[in-house]
Amino acid sequence: MSTFVHPALLYADPVEYLAGTIPFIQGGLDGGEPVMVAVPGDNLDLIRSALGVDAKHVVLRDMGVAGRNPGRIIPAVLLAFAAEHAGKPVRVIGEPVWAGRSAAEYPACAQHEALINAAFRERDAAILCPYDTSRLDPVWLADAYRTHPVMWTPTARWDSPHYTDPYAVAASFAVPLGAAPAGAATIEVRRGTLAAIRRFAADRAREAGLHPDRVDDLTIAVSELAANSVVHADGGTLAVWTEDGQLLCQVDDTGHIDDPLAGRVPVAADEATGGRGLLLVNQLCDLVRMHSRPGATSVRLYLRLG
Amino acid sequence: MTEAAPTEAAPTDFPLDALAPGDHVCWIVDRDTGYLPTIARFVRAGLAACQQVVCFTGPGVPDLAGTTDDRAAVGAAVDSGQLWMGTATDMYLPGGRFDPAAVIGAFTRHIDGAIAAGYRGVRVIADMGWAGGSGYERVSGYEESVNALFLDGRALGVCLYDRRLFGAAELHAASCAHPGTVGPERVPGWTPMLRTRRTGRARLSLSGEADLTNRQALATVLSLVVSEAAGTVQLEVGELTFVDAGTAALFARAARCASGGLAFVDATPAVRQVLSLTGVAALPGVSLTGARR
C-alpha cells in the first residue's frame, strides 16, 4: 500500500521555516528514507546551515535554477529523484512558489502544484511545499489550499477544505495565451520546412542577443514544438519576439493536447513511443506556458536574455 | 509580416550542384511543370564527371537531347555504355512484378561493374511514379533498404515522386526514407539535410541534421551498421549539427542492439545536449568521446 502525502507548509519567518522543515527532514533521515530539498537559494542556505553535518545526507538543489520553469519540476526534480530510489518511499521539500515569481510564471507554478497530486497518486512519497505567508500574494496562499490536500504549520495540521480534483484545478490556471504581438517575426510551420524553421529561430535569437550557449537550446525546443504541430496538426505558425528582457517563441496550431501531464512524465530513453518533445522543451526553457482545447493549441517559450 | 512558405520552385531550380556521391535524395515534383530539362542537366553533369549515368523515367524513355551537340553526345554515351536509359517499368517491374531484393541486387551489380570499368561511380535518376496509385507500401521498405547502396559513396541517387500520383501521407513516408528531400518549395542554398557515409565496418559518419523528416533513412542505416558490427559502433558526428528527441531514441535502441555499444565521436554541443537530456548519454553502452566544441 503506497502512501502519498502532499502538504503545504505555511510559514511566516525563518524561525517558522526551519521549525516546519528540519523535523520533516530529520524524520526522513531517521527512517532511512532518501531526502531531497529543492527550494530557492536563500532558503536552501538556511536549511543547509541548520542541518550541519546532516546536510551531506540530503540532496540539496536550488529550486530557483532546477525549477525556474515549473513545468520541469515534476519530471526533472521530483520523479527523477523517485526513480533514483525506486522502491523506496522518498521525502522531498519542494518550494516552487516564491515572492519573486512573475505574473507569467505563477499560473504555471499553481498548475504544477495541482498536477503533483496526479503524478504521484500511486507513489510512496512525501512532498512538502513551503509557502511564505508574510510575503506571498494572499491569492497565491489561497490557491495553496486548492492544490494541497493537507495544510501544515510548525504546530498544526489539518485537511484543506478547498482541495479538489487536481485536473480541474490545473485546468483553472490554464488561461488562453493570446496572440503574438503585431511586431513579432513569424513563419509558417510545415513538414518540409523544419530545418528552415530551426535556422529562423536561431537567427532571431542571435539578433535578440540570446547568449550563444543558449541558442542551441532554443533551436531544439522550437524544433520539437514545430515537429509536434506537423505530426498532430498538419502544421501551424511560429512567432518570435522579445519582451521584458526575455525572448519569447509561440507555436500555434489547430491540434489538441489532451493529456494534462504532457511534457511532465519522463519517457525511457529507448522507448519507441514519442512524447519526449514537450519534456525536452520543459527542460530547455526558463518558462513554458501552454493552452490547449480541441482545435486550438498554443505553446509559449520564454528564455531570459543577457 | 509573416514569412510565407517558400514559393514553388521552377524545375531548373533543382539544386543539382549541391549533390555529391553518396547522396540519396527524394525529389517531389509536379510532372506538369516539365522536369526533363533537369534530368538532362543531371545526365550531362554525370557524363562530364566520368560517372556512369542511369536514367529510368516513365512512362516512356525521355528525349534528353536539346541541341545537335547534345544529341550526338547522348548517343555516344548510350553506345559506349556510359549512359543507360530505360523506362521505370524496365528497372522495377521486369515481368510485371516488383521484387525489391532483385532490384537492389541489380543496382549493386551495376555499381560494381561501373567501378570495374573505370567510371568514377554511378548516378541514378529514377521516376518512382510507377508505384503510385497502387499505394506507396510497395516501395516504402525498398526505399529504406536502398540507402545501404549509397553508404560507400560510389553512387548518387535521385528518386522522383510526382505529387499528383501519391497522397500526402505517402509523400511524407517517401521523404522520410531519404536522408534529404528536394520539395516543391524553393529553398536557397539547399543541401541534403543529412549525409550518411560508412567509414569502416563498424564506423558511420553522420553530417547535417536528423529529425522526423529523414527518420527512416537514418534508422535503416544505423540498423545495418549495428547488425554488421562485431563490437562497438563508432558514430563520427563532428558535423552532425542537430538531432531531435526521436533521433535520440533511435540511438538508444541502436546502443542496446550493438554488442559493444555506441560511441559518439566529436559530438557537437547541440547533439550532446539532446543525448544528455533524453538520458541516452547515460545509458550503458553509450560513450561520448573526442573534441568538445
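The values are calculated or read from the model by the stated rules, or taken from the named source; none is laboratory data. No experiment lies behind these values; they were computed from the predicted model shown. Cβ sites come from the backbone with ideal geometry, for glycine too, and all protein chains shown count toward neighbours. With ligands, DNA and RNA removed, areas are computed over all heavy atoms of the protein, side chains included. Shrake-Rupley method; radii C 1.70, N 1.55, O 1.52, S 1.80 Å.
Note on region A:234-247: residues that are under 12 Å from A:Ala221 (Cβ atoms) and away from chain B (no Cβ under 14 Å) amount to 1. Scanning region A:209-248 for residues that are acidic (Asp, Glu) and more than 20 Å from B:Asp211 (Cα to Cα), we see that the one that is least open to solvent (accessible area, probe 1.4 Å) is A:Glu243. If you go through region B:222-259 and keep only what is within 14 Å of chain A (Cβ to nearest Cβ), open to solvent by less than 20 Å² (accessible area, probe 1.4 Å) and in a strand (DSSP E or B), you end up with B:Leu240, B:Phe242, B:Val243. Restricting attention to region B:194-221, the residues that are part of a helix (DSSP H, G or I) and of a type in the set (A, V, I, L, M) add up to 5. Residues of region A:277-290 that are open to solvent by 20 Å² or more (accessible area, probe 1.4 Å) and within 7 Å of chain B (Cβ to nearest Cβ): A:Gln283 alone. Out of all the residues in region B:118-129, is one or more open to solvent by 10 Å² or more (accessible area, probe 1.4 Å), of a type in the set (Asp, Glu) and within 15 Å of the chain's Cα centre (by Cα)? There is no residue in region B:118-129 that is open to solvent by 10 Å² or more (accessible area, probe 1.4 Å), of a type in the set (Asp, Glu) and within 15 Å of the chain's Cα centre (by Cα).
Looking across region A:250-276, the residues that are more than 14 Å from chain B (Cβ to nearest Cβ) and closer than 20 Å to A:Ile187 by Cα come down to A:Asp253, A:Thr254, A:Gly255. Of the numbered conditions (1) within 16 Å of B:Trp27 (Cα to Cα); (2) at pLDDT 95 or above; (3) open to solvent by less than 20 Å² (accessible area, probe 1.4 Å), B:Leu151 satisfies every one except a single condition; which is it? Every listed condition holds for B:Leu151 apart from (1).
Here the condition is being touching a strand residue (DSSP E or B) at 6+ places or on another chain (Cβ under 9 Å), more than 18 Å from A:Pro7 (Cβ to Cβ), buried (at least 20 other Cβ atoms within 10 Å of the Cβ) and charged (D, E, K, R); of A:Arg190, A:Arg198, it holds for A:Arg198 alone. Just wondering, is there one or more residues in region A:38-51 that are closer than 24 Å to A:Glu122 by Cα and either small (Gly, Ala, Ser) or open to solvent by less than 50 Å² (accessible area, probe 1.4 Å) (or both)? Yes. Kindly indicate whether any position in region A:208-220 is more than 9 Å from chain B (Cβ to nearest Cβ) and closer than 29 Å to A:Glu113 by Cα. So far as region A:208-220 goes, yes, one or more of its residues are more than 9 Å from chain B (Cβ to nearest Cβ) and closer than 29 Å to A:Glu113 by Cα.
Name the single residue that is farthest from B:Ala255 (Cα to Cα) among those in region B:180-191 being surrounded by 24 or more Cβ atoms within 10 Å (Cβ to Cβ) and more than 9 Å from chain A (Cβ to nearest Cβ). Here the residue is B:Val182. Taking A:Gly295, is it open to solvent by 10 Å² or more (accessible area, probe 1.4 Å), farther than 23 Å from B:Ala248 by Cα and within 14 Å of chain B (Cβ to nearest Cβ)? Taking the combined requirement at face value, the residue does not satisfy it. The single condition among (1) over 13 Å from A:Pro7 (Cα atoms); (2) touching a strand residue (DSSP E or B) at 6+ places or on another chain (Cβ under 9 Å); (3) open to solvent by less than 10 Å² (accessible area, probe 1.4 Å) that A:Leu115 does not meet is (2). A single entry from A:Asp203, A:Asp159, A:Asp137 fulfils the requirement of being within 14 Å of another protein chain (Cβ to nearest Cβ), open to solvent by 20 Å² or more (accessible area, probe 1.4 Å) and of a type in the set (D, E, K, R): A:Asp203.
Considering B:Ser276, B:Ser287, the condition of being among the hydroxyl-bearing types (Ser, Thr, Tyr) and away from chain A (no Cβ under 11 Å) is satisfied by B:Ser287 alone.
Let's see how each residue does on (1) within 14 Å of chain A (Cβ to nearest Cβ); (2) under 19 Å from B:Gly157 (Cβ atoms):
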position: B:Leu206; (1), (2): no, yes
position: B:Thr220; (1), (2): no, yes
position: B:Gly261; (1), (2): yes, no
position: B:Val265; (1), (2): no, no
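Of the helices (runs of 4 or more DSSP H) lying entirely inside region A:64-165, those containing at least 1 residues that are under 16 Å from the mean Cα position of the chain (by Cα) and closer than 22 Å to A:Arg276 by Cα are A:80-84, A:106-119. Quick check: is even one residue across region A:14-26 in contact with a Leu (Cβ under 9 Å, 6 or more places away or on another chain) and part of a loop (DSSP other than H, G, I, E, B)? No.
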